[in-house]
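Student: Starting off with a structure, shown below.
The values are calculated or read from the model by the stated rules, or taken from the named source; none is laboratory data. Given the structure is predicted, the values throughout are model-derived calculations rather than measurements. Virtual Cβ from ideal backbone geometry, glycine too; neighbours counted across all protein chains shown. Accessible surface is based on the protein model in full, side chains and every heavy atom, while ligands, DNA and RNA are left aside. Shrake-Rupley method; radii C 1.70, N 1.55, O 1.52, S 1.80 Å.
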Amino acid sequence: MPAARTPATITLSVWKALFLREALSRLFSGRAVWFWLLAEPVFHVSYMLVIFTAIRITSVGGIDTVIWLMVGMLAFFMFRNTGTQVMNAISANRALFTYRQVTPVDTTLVRGGLEGTLIIFIAGILLAGASLFGHSVVPADPLAVLEAFFGLWLVGMGFGLTTSVAGELVPELRRIIEFVMMPLYMISGVIFPISVVPQPYRDWLLLNPVAHGLEAVRLGFAPHYHAVPELSIAYIYGFALVSVFLGLALHRRFALRLVTQ
């Protein structure tokens, strides 16, 4: 007689199967998938670099403009892509809920893990490409960079877990959330340093944990970067843990409704 599987073993098997399914769907669903994964951040960096070059800005906050733009955008994509992919995980995997081993929260967690892995992989490729053009891409404090990226991933997970439930209960919220992403891109310090914003407006912008994350990533790359003095890693992780807890609580509360929606 085969040994009975424990709940933990079943969960790990489900996560492995979902991860492989998501990876195949995300990476091999079309001929140009890999191209677009790399093209989006390259386009954003190139577009802004043309503007910065036109106005003759070669450094921002004391570091190379290319590195400042690239790491800032990659850090923002870590939050944004994770959050939006997790938000849409339930609707994209609804057919799998006929298997009682698969729950909505499984699909969100696995998709978030895959997206975080992809962003790290893409960041490595783009930084390696920048190094070929003579830019210094080795961070001064690699652990600080990883800490900031992981914090932004957790914020994205918390955002996605919460909005995945809210979007299923009130579908109109998804359009509002997608609309809000563009202003968030602007006010998170992706294309301008938060340090140049005068008070009290800077304090308002720093209520956004993503702004703290971008500043922390850039500071990890260059310790002489003129980061905002209000920068707080604790704030990023505190916000992330609260949002993840809230998202998991909502999944637990509305688990049956998410399956039968």
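Student: Out of region 208-227, which residues are surrounded by fewer than 21 Cβ atoms within 10 Å (Cβ to Cβ) and closer than 20 Å to Tyr185 by Cβ?
Tutor: Listed by number, the list holds a single entry, Asn208.
Student: When you go through (1) within 24 Å of Trp36 (Cβ to Cβ); (2) out of contact with any Gly (no Cβ under 9 Å at 6 or more places or on another chain) one by one for Trp153, which number turns out not to apply?
Tutor: Of the numbered conditions (1) within 24 Å of Trp36 (Cβ to Cβ); (2) out of contact with any Gly (no Cβ under 9 Å at 6 or more places or on another chain), the odd one out for Trp153 is (2).
Student: Can you tell me which residue in region 82-112 is farthest from Val244 (Cα to Cα), limited to those that are touching a helix residue (DSSP H, G or I) at 6+ places or on another chain (Cβ under 8 Å) and part of a loop (DSSP other than H, G, I, E, B)?
Tutor: From region 82-112, those touching a helix residue (DSSP H, G or I) at 6+ places or on another chain (Cβ under 8 Å) are 82-93, 96-97, 101-112; that's our starting set.
From what is left, the residues that are part of a loop (DSSP other than H, G, I, E, B) are 88, 93, 101-103.
Details: Asn88: 16, Asn93: 21, Gln101: 22, Val102: 20, Thr103: 17 Å.
Among those that are touching a helix residue (DSSP H, G or I) at 6+ places or on another chain (Cβ under 8 Å) and part of a loop (DSSP other than H, G, I, E, B), it is Gln101.
Student: Those residues that are in contact (Cβ under 8 Å) with a residue 24 or more places away in the chain and either surrounded by fewer than 17 Cβ atoms within 10 Å (Cβ to Cβ) or in contact with a Phe, Trp or Tyr (Cβ under 9 Å, 6 or more places away or on another chain) (or both), I need them from region 95-110; list them, please.
Tutor: Hits for region 95-110 are Gln101, Thr103, Pro104, Asp106, Thr107, Leu109, Val110.
Student: Go through region 231-256 and count every residue that is within 21 Å of Ala140 (Cα to Cα) and open to solvent by 60 Å² or more (accessible area, probe 1.4 Å).
Tutor: Adding up the residues that qualify gives 1.
Student: Within the bounds of region 117-135, is there any residue that is in a helix (DSSP H, G or I), among the aromatic types (Phe, Trp, Tyr) and open to solvent by 60 Å² or more (accessible area, probe 1.4 Å)? Reasoning before the result, please.
Tutor: Restricting attention to region 117-135, the residues satisfying the condition of being in a helix (DSSP H, G or I) are 117-132.
Subsequent filtering for residues that are among the aromatic types (Phe, Trp, Tyr) retains 121.
Next cut, open to solvent by 60 Å² or more (accessible area, probe 1.4 Å) only: 121.
Yes, region 117-135 contains at least one residue that is in a helix (DSSP H, G or I), among the aromatic types (Phe, Trp, Tyr) and open to solvent by 60 Å² or more (accessible area, probe 1.4 Å).
Student: Something else: Output the residue which, of all residues in region 139-159 that are of a type in the set (Gly, Ala, Ser) and more than 11 Å from Ala75 (Cβ to Cβ), is surrounded by the most Cβ atoms within 10 Å (Cβ to Cβ).
Tutor: Within region 139-159, the match that is surrounded by the most Cβ atoms within 10 Å (Cβ to Cβ) is Gly158.
Student: Give the number of residues within region 52-65 that are open to solvent by 20 Å² or more (accessible area, probe 1.4 Å) and either among the basic types (Lys, Arg) or modelled with pLDDT of 75 or more (or both).
Tutor: 2
Student: Now for a separate question. Being open to solvent by 50 Å² or more (accessible area, probe 1.4 Å), over 29 Å from Ala249 (Cβ atoms) and assigned to a loop (DSSP other than H, G, I, E, B) is the filter here, so list the residues in region 165-203 that pass it.
Tutor: Those that are open to solvent by 50 Å² or more (accessible area, probe 1.4 Å), over 29 Å from Ala249 (Cβ atoms) and assigned to a loop (DSSP other than H, G, I, E, B): Phe192, Pro198, Gln199, Pro200.
Student: Regarding Thr162, is this residue closer than 25 Å to Arg21 by Cα, at pLDDT 90 or above, β-branched (Val, Ile, Thr) and open to solvent by less than 50 Å² (accessible area, probe 1.4 Å)?
Tutor: yes
Student: Oh, and also: Give me the pairs, please: first residue somewhere in region 169-191 and on the phi > 0 side of the Ramachandran plot, second residue anywhere and assigned to a helix (DSSP H, G or I) and surrounded by 11 or more Cβ atoms within 10 Å (Cβ to Cβ), beta-carbon distance under 6 Å, and either six or more positions apart or on two chains.
Tutor: That search, which allows pairs on different chains as well, returns Gly189/Ala211; Gly189/Leu214.
Student: Got a sec? Which of Ser13, Ser46 is at pLDDT below 80, over 22 Å from Gly156 (Cβ atoms) and either open to solvent by 70 Å² or more (accessible area, probe 1.4 Å) or part of a helix (DSSP H, G or I) (or both)?
Tutor: Values: Ser13 fails: at pLDDT below 80.
Step by step, each of Ser13, Ser46 is checked, and only Ser46 is at pLDDT below 80, over 22 Å from Gly156 (Cβ atoms) and either open to solvent by 70 Å² or more (accessible area, probe 1.4 Å) or part of a helix (DSSP H, G or I) (or both).
Student: Hey, another quick one. Have a look at Arg252, Arg218 and point out the one that is more than 23 Å from the chain's Cα centre (by Cα) and not in a loop (DSSP other than H, G, I, E, B). Talk me through it step by step, then tell me what you get.
Tutor: Working: Arg218 fails: more than 23 Å from the chain's Cα centre (by Cα).
Every option except Arg252 fails the conditions.
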